[in-house]
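To keep things clear, I will list the structure first and then write my remarks on it.
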Amino acid sequence: MPEVVEIPIEPTKFQLPEAVHTRLQFLLDCQDLGHTLSQNETQEAQGLIDLAEFLSLLFLRSQRVQKFS
């Protein structure tokens, strides 16, 4: 039997927390200014970008589910 995953409908559940968003923006701004990020910082930034993209995908899918419900 397939497992059912409940998806919260609140859009704020699909956003990075403010402090996490601020950290990601800081890392991206440093990179844009030509500063070389350490390997750890690069991995951190990539992980946060991946998380943000995943949350956006969940949000879009929840919108689609709402539309067809």
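The values are calculated or read from the model by the stated rules, or taken from the named source; none is laboratory data. Quantities reported herein were computed from a predicted structural model and do not represent experimental measurements. The area values use the complete protein model at the heavy-atom level, side chains included, leaving out ligands, DNA and RNA. Shrake-Rupley method; radii C 1.70, N 1.55, O 1.52, S 1.80 Å.
At 1.4 Å probe size, with every protein chain present, just tell me what the per residue accessible area of the stretch 17-69 comes to in Å². Each step should come with its number before you reach the end.
Values: 4230 Å² over 53 residues.
Accessible surface, normalised per residue, equals 80 Å².
The candidates Glu3, Glu41, Glu18, arranged from most to least accessible area with a 1.4 Å probe in the full protein assembly, appear as Glu3, Glu18, Glu41.
Heavy atoms of the protein only, probe of 1.4 Å, neighbouring chains included. What is the accessible area of His35 in Å², nearest 10? His35 has an accessible surface of roughly 110 Å² with all protein chains in place. Taking all protein chains as shown and a probe of 1.4 angstrom, Arg61 keeps an accessible surface of around 140 Å². Per-residue SASA remark: Ser38, around 50 Å² accessible (1.4 Å probe; ligands, DNA and RNA not included).
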